[in-house]
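Notes to accompany the following structure.
The values are calculated or read from the model by the stated rules, or taken from the named source; none is laboratory data. Nothing here was measured: the structure is a model prediction, and the numbers come from that model. All Cβ positions, even for glycine, are placed from backbone atoms using ideal geometry, and neighbour counts span all protein chains on display. Protein only, heavy atoms only, side chains kept; ligands, DNA and RNA dropped before computing areas. Shrake-Rupley method; radii C 1.70, N 1.55, O 1.52, S 1.80 Å.
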Amino acid sequence: MRPGSFIASSLAFTNTESTTNSLTTAKMAPNVETGKIAAEVDPSIYGKSGDLTKHMEGVKAQYDTKEKLEFYAQVMGDGTANIHFGKWDGVDLDEEGAYGKASEQMTDYMFDLATKLWGGEGKISYVDLGSGTGAAALRLCEKHDAIEKATCLNLCEEQNSLATQRAADAGLGERVSVVTGTYEECPFEADSFDVSFSQDAFVHAFSKSKTFGEALRVTRPGGVFVFCDLMCGSGEGVSEEELATFAATNMVNDWLSPEQNIKACQEAGWEDVAFVDLTSDIRISFQLMLKKVEKIIAAGNPDNIDDQLLDSYRKNLANRIVQVDRGVFKWGVVHAKKPAN
């Protein structure tokens, strides 16, 4: 079933035109039938409002409810606490726990990249911006004694309670701290961390420029910024309306392409900014999520996950796979360094 290993290409985009809204750069196809995207939503909660407070409340509603926590644990956690998209090199798609293994592999890949770019010796401190349930920090601290301190900054209080409890249960309470707040106004002093890290969280940033600037502020000179995220694509036949519909129904206020994310990082003050394209991996992640949802439904939903939620995600995930093929999305890693002086 696995279509073979994928080789990620690392591309440094330079001299791109600055823009504040990537939707204006999409290729237009007015005669293409795009269909509805993520139609199973309540626009009063998830609709794009342009209001920061409402936006943050919508993000909480998307992740920080009992139903959503149970759903993501079942469909993406797959035996682990890591609910991120996966990196699938060497993972057997049919093995038990494949999704969880790929998610952890992505966390490991990103941190290994960060430490190589950092190039320092001795203990390291890092902040996870938009840390979710804290699974990445817990895994990395368990694997790497060199991590002196991992700080998790996250908006959702229920997720933070889980992260705090899991850190204590794992005996990592002294090395992992959990802070409630937004990565657009980080509650930390300047030059606090060697690495700023984020996994699948910045898609919900109200302002990418402000987010990247805050990451720069809290990172020490010579430090590293590494994040992966779902980004705006520009495939043939992808209309501006289709991109706008996705953004408007998924708490995406400032959706940028890889080129524009790199430009925004450069304008914030980051150097040596590059993008590693892993879009083929997110297609597999969507496929495995759909497979898991269909398996839960076929088994009669034994864990009593909300039936409407399952049906909604079944429809939307099938659509996501087609959209990846059509170039609606890009997914991958952006990495950069803070100037030493």
Loop GluC sites (Glu not before Pro), region 218-270, which have at most 16 other Cβ atoms in a 10 Å radius of their Cβ (DSSP): 236
Give me the accessible area per residue for region 231-341, probe 1.4 Å, as a whole number in Å². 38
Proximal aspartates and glutamates relative to residue 87, as straight alpha-carbon distance under 18 Å, when same-chain residues fewer than 8 apart are discounted: 78, 95, 96, 104, 108, 112, 200, 229, 277, 281, 325
If I compute solvent accessible area with a 1.4 Å probe over the protein chains, what percent of it on region 132-212 is carbon and sulfur? 45
Gyration tensor over alpha-carbon atoms, region 153-265, equivalent ellipsoid semi-axes in Å: 29, 18, 12
Once you put a point 7 Å from the Cα of residue 299 and another 7 Å from the Cα of residue 54, both along the Cβ direction, what distance in nm separates them? 4.0
Apply 1/(1 + (r/R0)^6) to the Cβ-Cβ distance of residue 191 and residue 168, taking R0 = 30 Å, and write down the FRET efficiency to the nearest 0.05. 0.55
For region 277-341, with all protein chains present and a 1.4 Å probe, just round the carbon and sulfur fraction of the accessible area to a whole percent. 50
